[in-house]
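Novice: Below you'll find the structure I mean.
The values are calculated or read from the model by the stated rules, or taken from the named source; none is laboratory data. Fair warning: this is a prediction, and the values are worked out from it, not measured in the lab. Cβ coordinates were reconstructed from backbone atoms using ideal geometry, including for glycine residues, and neighbour counts include every protein chain displayed.
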Amino acid sequence: MDYLAHLNPPQREGVENLEGPTMIIAGAGSGKTRVLTYRIAHLIRSKDVDPFKILALTFTNKAAKEMRERIEKVVGTDARNLWMGTFHSVFSRILRAESDKLGYPSNFTIYDTDDSKSLIKNIVREMGLDEKLYKANVVYNRISGAKNNLISWQNYISNPVYISDDEQAQKPKMGAIYKEYVQRCFRAGAMDFDDLLFNTNILFRDHLDVLNKYQQRFQYVMIDEFQDTNISQYLITKRLASVHQNICVVGDDAQSIYAFRGANIQNILNFEKDYPDLSVIKLEQNYRSTQNIVNAANSVIVKNSAQLKKSVWTENDHGEKVHLIKATSDNEEGRLVASSIFEDRSNKKLENKDFAILYRTNSQSRSMEEALRKMNIPYRIFGGLSFYQRREIKDLLAYLRFTINQNDEQSFRRIINLPKRGIGGTSVDKIMVAAFENERPLWDVLNNIQNFLPGRAANAVQNFVTLIKSFRIKLEREDAFETASFIAKQSGLLKELYDDKTIEGLNRYENVQELLNAIKEFVDSTESEDKSLEAFIADVALLTDADNQDPNDTNYVNMMTIHSAKGLEFKHVYIVGMEEDLFPSQMMLNSRADLEEERRLFYVALTRAMEKVTLTYALSRYRFGRLKSCEPSRFIEEIDPEFLKVDRKFNSSEPMGSMNNGSSNSLYARNLVAKRKATTPKVPPGKKLHTPSADFKPSDTRSLDTGMRVEHPKFGFGKVVKMDVDGANRKATIEFELFGEKTLLLTFAKLRILED
DNA sequence: TACGCCATGTTTTTT
DNA sequence: ACATGGCGTA
């Protein structure tokens, strides 16, 4: 095949060695994705394998999408039928098809992390336990860890190790909470993220006919980012591949950064044991980065103890050394990065999209944003708070979810008194008690509510039940969009947001409209065969809006956490906040294994860069609103000095004392303004409006006015030329000048005002 | 039951 | 700095 021509020998082997178990150890930048996509293309094109019989699992939606696109380029529309996606999405599909075997409804709800934690909180409270001792977060992680190791609650409460662990931690009730949590999820017809994998394992373990069906179907199984899989995931694929034995895993132990989620490097070692006739292919030549970058990264990663033998090298140019910039404050750090980008962009003829700013925590984006905005450098933030996590969106989704599954406890709690119906916490508690003590489904209790609640409250619940029933009629007869808009209107949600004339209310209203638009798009799309609301809701919990953003799509500087940068590459990479306690994170200093994971994270960050890496750190940084002094990260010293260059030009010469005047004062003043506007109850008639928040943070909230320079996430930078605001109808028409051309925008929620 | 004010904890990363 | 939860009042 023609595409084999530009592959080096090990890459070519990775593509052509199709039969039997294969492990591809792929160093950073070694063309791993290319091998995987060509391999699949090769199966379809040359070996005539039905795409329907190929299962390709990735870790993130982003990776799945990218791979599908690349395969489509080689094999065309055949790629449509591939079973490709994240573990969670692929197996949720299978679980829906086979749900009856496990006693779940096929339209089971998927609880996201927020749902799970709030359920745990309720349980802890109901059990009369100390909520500080049994923090939802901690309990959730403990349960999640157990599930990812395939420890059921039955195993858990009888396992002496877990018991003594919990007793030593003064948390003896952990197992009991686990049990209650699992039972509550089951009764609610809900699975959390970990259940999607755990229950798939149960399904394949207990229903051999089902297992056999999928074993026959999936002749070829492939796993990307294998180092990030946990035991639960690994066992699923092992079972699936055990008939044909055509399993191919691709990974790099040096890039394993998800141990906190149960990922296990051990999987790689186990793999060799489980498949003795394994072919191992090593991709060691890096095509992405300069020698200085590869060498610097290598000099860091050797500090880790556990490693597979592998040496990553490159034939690329030496390139520049890794730059190091010191700043006095986080704000100055932002300014230095912004001016460095500004300079390189013009001096080296680069575009915005060639740059990426990577950080350890999402909250670090703020100071970077400020600086970039001031220099008029367009940027885009990946990750952070997802659209689907916004309150108003979760509210509407809860209505939609409950209409589909009336036993979904979390959705019920969310909407039962929204808008206010006079049903408070005590009534809800009574309903729950009635359901649990009699082992009756929630919906059953609600339908016979007069037996459980006094007259007035019972009446209110009765009305709620009638309302939901009217939604169900719509659900059965209409498509997703008709049903959802009906629910949004009739529930009173839309009206409540409409009546809320505050700036935030306006925004929320628009966000809900945006969700409805998304549903409309889903219905109109030719790709979705099933246009029911169930089909739309099925995967919503598995989506994040980072998945909808294509890094190459628009010409913006990219900003994201290092975790979400995995698999991506950029010409110039800034790794900011290189400070002890921040990176490595304070939380990760407890064990050697944790520190090594942080080091691998640093390795991942370094190896994203093609041409230039710049590290920055600040001597002081705002945290919880307080200025804190910082020390440079130990990782900086771990880079072999031969590959490191202290960037004098960009190093701060400002004395420490000066950091409290200019920049921080203006920031303070700005936030004050923002707060004032945000709490103004009504939008006055005339031309006072806001900007925020679908893509921007609430602190951007300010009055919009003609003449202001603004940014729109799609249209880019421009100026407000004219605005007509109709407060009564809540519509604004803004004439927006974009590079000299006039554009009319009907909505302003996505405009951000730029500093002058 | 609803609402307002005050106290408290939170920030590691993602499906 | 910000969101959440508790507590008191209407």
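Novice: As an exercise: evaluate A:ARG125 against (1) free of Cβ contacts under 8 Å to residues at least 24 places away in the same chain; (2) within 15 Å of DNA strand B (Cβ to nearest atom); (3) closer than 19 Å to A:ARG413 by Cβ and give the number of the one condition it does not meet.
Specialist: Evaluating A:ARG125 over (1) free of Cβ contacts under 8 Å to residues at least 24 places away in the same chain; (2) within 15 Å of DNA strand B (Cβ to nearest atom); (3) closer than 19 Å to A:ARG413 by Cβ leaves (2) as the failure.
Novice: Turning to a different aspect of this structure: Answer yes or no as to whether A:ARG373 is over 21 Å from the mean Cα position of the chain (by Cα), surrounded by 19 or more Cβ atoms within 10 Å (Cβ to Cβ) and within 16 Å of DNA strand B (Cβ to nearest atom).
Specialist: no
Novice: Next question. Is one or more of the residues making up segment A:607-616 within 16 Å of DNA strand B (Cβ to nearest atom), crowded, with 16+ Cβ neighbours inside 10 Å and modelled with pLDDT of 90 or more?
Specialist: Checked against the condition, which is being within 16 Å of DNA strand B (Cβ to nearest atom), crowded, with 16+ Cβ neighbours inside 10 Å and modelled with pLDDT of 90 or more, segment A:607-616 yields at least one hit.
Novice: Here's a follow-up. Any residue in segment A:382-402 that's at positive phi: show its pairings with residues that are within 16 Å of DNA strand B (Cβ to nearest atom) and outside any helix (DSSP H, G or I) at Cβ separation under 8 Å, as long as the two are six or more apart or on different chains.
Specialist: Correct list of pairs: A:GLY383/A:THR544; A:GLY383/A:MET560; A:GLY383/A:THR561.
Novice: Now a separate question. For A:ALA97, only one of the following conditions fails: (1) within 16 Å of DNA strand B (Cβ to nearest atom); (2) in contact with a Ser or Thr (Cβ under 8 Å, 6 or more places away or on another chain). What is its number?
Specialist: (1)
Novice: Scan segment A:619-632 and report the pairs whose first residue is more than 17 Å from A:ASN651 (Cα to Cα) and more than 15 Å from DNA strand B (Cβ to nearest atom) and whose second residue is assigned to a strand (DSSP E or B) and at pLDDT 85 or above, with Cβ atoms within less than 7 Å and a gap of 6+ or a chain change.
Specialist: Short answer, once both residue conditions are applied: A:SER629/A:SER620.
Novice: Would you confirm whether or not segment A:523-539 contains a residue that is within 11 Å of DNA strand B (Cβ to nearest atom) and aromatic (Phe, Trp, Tyr)?
Specialist: No, segment A:523-539 contains no residue that is within 11 Å of DNA strand B (Cβ to nearest atom) and aromatic (Phe, Trp, Tyr).
Novice: So which residues in segment A:304-357 are free of Cβ contacts under 8 Å to residues at least 60 places away in the same chain, buried (at least 17 other Cβ atoms within 10 Å of the Cβ) and in a loop (DSSP other than H, G, I, E, B), if there are any at all?
Specialist: Hit for segment A:304-357 is A:ASN316, nothing else.
Novice: Right, here's the next one. Only one of A:GLU478, A:GLU521, A:GLU496 is over 22 Å from A:ARG414 (Cβ atoms) and more than 27 Å from the chain's Cα centre (by Cα); which?
Specialist: One residue alone meets the criteria, A:GLU478.
Novice: A:ASP194 - would you say it is in a helix (DSSP H, G or I), within 21 Å of the chain's Cα centre (by Cα), acidic (Asp, Glu) and more than 16 Å from DNA strand C (Cβ to nearest atom)?
Specialist: yes
Novice: Can you tell me which residues in segment A:579-599 are among the charged types (D, E, K, R) and surrounded by fewer than 24 Cβ atoms within 10 Å (Cβ to Cβ)?
Specialist: If the condition is that a residue be among the charged types (D, E, K, R) and surrounded by fewer than 24 Cβ atoms within 10 Å (Cβ to Cβ), then A:GLU580, A:ASP581, A:ARG592, A:ASP594, A:GLU596, A:GLU597, A:GLU598, A:ARG599 are the ones that fit.
Novice: For the condition within 16 Å of DNA strand C (Cβ to nearest atom) and touching a helix residue (DSSP H, G or I) at 6+ places or on another chain (Cβ under 7 Å), what is the one hit in A:ARG599, A:ARG608, A:ARG626, A:ARG621?
Specialist: Sole residue among the options that is within 16 Å of DNA strand C (Cβ to nearest atom) and touching a helix residue (DSSP H, G or I) at 6+ places or on another chain (Cβ under 7 Å): A:ARG621.
Novice: So A:PHE436 clears everything in (1) surrounded by 15 or more Cβ atoms within 10 Å (Cβ to Cβ); (2) modelled with pLDDT of 95 or more except one condition, right? Which one?
Specialist: Of (1) surrounded by 15 or more Cβ atoms within 10 Å (Cβ to Cβ); (2) modelled with pLDDT of 95 or more, only one is false for A:PHE436: (2).
Novice: In addition: Name every residue in segment A:52-65 that is surrounded by 19 or more Cβ atoms within 10 Å (Cβ to Cβ) and within 24 Å of the chain's Cα centre (by Cα), in order of residue number.
Specialist: A:LEU55, A:ALA56, A:LEU57, A:THR58, A:PHE59, A:THR60, A:ASN61, A:LYS62, A:ALA63, A:ALA64
Novice: Further question on the same structure: On the phi > 0 side of the Ramachandran plot, out of contact with any Pro (no Cβ under 9 Å at 6 or more places or on another chain) and within 15 Å of DNA strand C (Cβ to nearest atom), is that true of A:GLY425?
Specialist: Judged against the criteria, A:GLY425 is not a match.
Novice: Can you say whether A:ARG142 is surrounded by 20 or more Cβ atoms within 10 Å (Cβ to Cβ), more than 16 Å from DNA strand C (Cβ to nearest atom) and charged (D, E, K, R), as far as the supplied structure shows?
Specialist: The answer is yes for A:ARG142.
Novice: Take the residues of segment A:295-334 that are at pLDDT below 95 and of a type in the set (Lys, Arg): which is nearest to A:ARG621 (Cα to Cα)?
Specialist: So, considering only residues that are at pLDDT below 95 and of a type in the set (Lys, Arg), the one nearest to A:ARG621 (Cα to Cα) is A:LYS326.
Novice: Among what's in segment A:622-637 and is surrounded by 17 or more Cβ atoms within 10 Å (Cβ to Cβ) and touching a strand residue (DSSP E or B) at 6+ places or on another chain (Cβ under 6 Å), pick the residue that is nearest to A:ARG600 (Cα to Cα).
Specialist: Top of the filtered list is A:SER633.
Novice: Turning to a different aspect of this structure: Residues that are over 26 Å from A:GLY103 (Cα atoms): list the helices (runs of 4 or more DSSP H) wholly contained in segment A:124-191 that include at least 3 such residues.
Specialist: A:136-148, A:160-168
Novice: Of all residues in segment A:335-364 being of a type in the set (Ser, Thr, Tyr) and at pLDDT 90 or above, which is nearest to DNA strand C (Cβ to nearest atom)?
Specialist: Restricting to residues being of a type in the set (Ser, Thr, Tyr) and at pLDDT 90 or above, the top hit is A:THR361.
Yes or no, residue by residue, for (1) part of a helix (DSSP H, G or I); (2) in contact with a helix residue (DSSP H, G or I) (Cβ under 6 Å, 6 or more places away or on another chain); (3) within 16 Å of DNA strand B (Cβ to nearest atom):
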site: A:GLN410; (1), (2), (3): yes, yes, yes
site: A:ARG414; (1), (2), (3): yes, yes, yes
site: A:VAL433; (1), (2), (3): yes, no, yes
site: A:ALA458; (1), (2), (3): yes, yes, yes
site: A:LYS469; (1), (2), (3): yes, no, no
site: A:PHE486; (1), (2), (3): yes, yes, no
site: A:LYS489; (1), (2), (3): yes, no, no
site: A:LEU497; (1), (2), (3): yes, yes, yes
site: A:GLU504; (1), (2), (3): yes, no, yes
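Novice: I'd like the full set of residues that are among the aliphatic types (A, V, I, L, M), over 20 Å from A:PHE536 (Cα atoms) and surrounded by fewer than 20 Cβ atoms within 10 Å (Cβ to Cβ), limited to segment A:461-491.
Specialist: The answer is A:VAL465, A:LEU467.
Novice: Can you name the helices (runs of 4 or more DSSP H) wholly within segment A:30-118 that have at least 3 residues being away from DNA strand C (no atom under 16 Å from the Cβ) and of a type in the set (Asp, Glu)?
Specialist: Filter on segment A:30-118 gives A:61-75.
Novice: Collect the residues in segment A:231-275 that are over 19 Å from A:HIS88 (Cα atoms) and touching a Pro at 6+ places or on another chain (Cβ under 7 Å), keeping them in residue-number order.
Specialist: A:GLN245, A:TYR275
Here's the yes/no breakdown for (1) more than 30 Å from the chain's Cα centre (by Cα); (2) hydroxyl-bearing (Ser, Thr, Tyr); (3) farther than 30 Å from A:GLY103 by Cα:
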{"residue": "A:GLY424", "(1), (2), (3)": "yes, no, yes"}
{"residue": "A:GLU439", "(1), (2), (3)": "yes, no, no"}
{"residue": "A:TRP443", "(1), (2), (3)": "yes, no, no"}
{"residue": "A:ASN448", "(1), (2), (3)": "yes, no, no"}
{"residue": "A:PHE452", "(1), (2), (3)": "yes, no, no"}
{"residue": "A:ARG456", "(1), (2), (3)": "yes, no, yes"}
{"residue": "A:ALA460", "(1), (2), (3)": "yes, no, yes"}
{"residue": "A:LYS501", "(1), (2), (3)": "yes, no, yes"}
{"residue": "A:TYR509", "(1), (2), (3)": "no, yes, yes"}
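Novice: Is it the case that A:THR403 is of a type in the set (Ser, Thr, Tyr), buried (at least 17 other Cβ atoms within 10 Å of the Cβ) and more than 30 Å from A:SER620 (Cβ to Cβ)?
Specialist: yes
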